[in-house]
Amino acid sequence: MTIRERKADHVEICLGVDTSPGYCYWNDVRLFHNALPEVDAGEIDMSLRLFGGKLDMPLVVTAITGGFSGAKKINANIAEACAELGAGMGVGSERAGVRGIDPDSYSVVKEYDVPLVIGNIGAPQLVPQKSGAVFGMSDVGAAMDLVGADAVAVHLNFLQEVIQPEGDVNSKGCFDAIRDVAREYPTIAKETGAGISREVAARLRGTGIIGMDISGMGGTSFSAVELHRAAAAGDSIREAMGSSFLDWGIPAPVSLLEARNGLPIIASGGILDGIHVATSIAMGASAAGIAGAVLREAAESAAAVKEKLTLIREELRAAMMLTGSADLKQLSKARYAVLGETRQWLG
Ligand SMILES: Cc1cc2nc3c(=O)[nH]c(=O)nc-3n(C[C@H](O)[C@H](O)[C@H](O)COP(=O)(O)O)c2cc1C
């Protein structure tokens, strides 16, 4: 199967079926209501500086796609909406684009004034694999140039790699490779739905990265995505493995608390609305990240993405008002309670 087909498959599966493990960990975290907020909702300031960009709201539409013809429209729709609402965005893994496969499906982002653009490469591609040539430092530079990136995310997707039939399953040398990338470029370490633990966050900090996108468990599960690809290909072993690992990973809010170590964090994995965004900031994130919950809109139109992001912004504004938070600094001090399975995870 070609990269182009695989990328199209990912989008098609995520649009067609529920790929989440079915438990919303963010709903386990509740912000304390403030009955006397002394805040004018119309004056709430949601702006922040993140990785060199100035955002009007603490949201990044994280890496979704690129590398097949249908991806151009998706990235253009996301870019147009993020430019208008002052949100950040990432593109999907750029290996395809750098190798000349539908590069305009990525570079279309440059046509919009997006305040923060995050490029994307895979950690597995930075070390030797059976599947092909190692992604070198000049390739990373090309990936950044392709989208005019402010920073590059190096994604850690070993859950997916170990489940998918054509996976790159060697992870030896990734630490050194990330450190080498971080020496040259502003680098974010990013999971893809299984979360980052305290220990891994500490090691990643040692590479010189500028931040992390924890992408914890609870939203899009690449195990589920691979389960559906395996089922379509009649590969019963991989299908069963996808099912077994469907809810593998660290729940996103737990990962956020684990990974906090002074670096800016994008909290992603199962973020569905503006209350989740507010919660993540109260728990220590600089911004939230969203992918699966905006995919249908991104495949539809820029207007649909704008409407979704506007709803999230207004929910966030309401949550800020109701916690007595006039800005993100005050929201970061809002009191919260942790319930349910998430509380059990925290022991
Ligand atoms: C269709 C699709 C493709 C994705 N491709 C990438 C990718 O190429 N690189 C990456 O770092 N993350 C990729 N992701 C992962 C997301 O950036 C995000 O970390 C993950 O989906 C969890 O967020 P969510 O629960 O809001 O979807 C993809 C997600 C989706 C839904």
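For the chain, what does -39500 (n - 2.57) per DSSP helix run (n ≥ 4), summed and divided by total residues, give at 222 nm, in deg cm²/dmol to the nearest 500? Intermediate results must be reported in sequence, preceding the final value.
Working: 16 runs with 151 residues, N = 347.
Calculated at 222 nm, the ellipticity per residue is -12500 deg cm²/dmol.
Cut-off under 30 Å on the C-alpha distance; same-chain residues fewer than 8 positions from LYS130 excluded. Which lysines are left, in chain and number order?
Cross-link targets: LYS7, LYS72, LYS172, LYS190.
Taking each full run of DSSP H in the chain as one helix, which ones are at least 15 Å long along their axis (Cα atoms) and have mean Kyte-Doolittle hydropathy of at least -1.0?
Values: long enough: 3-16 (20 Å, -0.41); 71-85 (21 Å, 0.17); 137-147 (16 Å, 1.04); 174-184 (16 Å, -0.17); 222-233 (16 Å, 0.65); 302-322 (30 Å, 0.41).
Qualifying helices, which must be both long enough and hydrophobic enough, are 3-16, 71-85, 137-147, 174-184, 222-233, 302-322.
Rounding to the nearest 20 debye, state how big the charge dipole of the chain is about its Cα centre with +1 on each Lys and Arg Cβ and -1 on each Asp and Glu Cβ.
Details: 31 positive and 42 negative charges, 150 e Å.
I would put it at about 720 debye.
Any chance you could tell me what percent of the C-alpha pair distances in the chain go past 39 Å?
8 percent
What does the charge count around GLN344 come to, taking other residues whose C-beta lies under 15 Å from its C-beta (Lys +1, Arg +1, Asp -1, Glu -1)? Could you put the intermediate results ahead of the total?
On the way: positive: ARG343; negative: ASP28, ASP247, GLU258, GLU341.
Within the 15 Å Cβ shell, the charges total -3.
At a threshold of 8 angstrom on Cα-Cα distance, excluding pairs fewer than six apart, so keeping six or more, what relative contact order does the chain reach in percent?
Here the relative contact order equals 23 percent.
Taking 25 Å as R0, compute the FRET efficiency from the Cβ-Cβ separation of LEU36 and LEU263 and round it to 0.05.
Step by step, r from the Cβ atoms, then E = 0.10.
Each reported figure results from applying straightforward, stated rules to the coordinates on display, with no laboratory input. If you're wondering where the values come from, they're calculated on a predicted model, not measured in any experiment. Quick reminder, even Gly has a Cβ in these numbers, built from the backbone with ideal geometry, and neighbours come from all protein chains shown.
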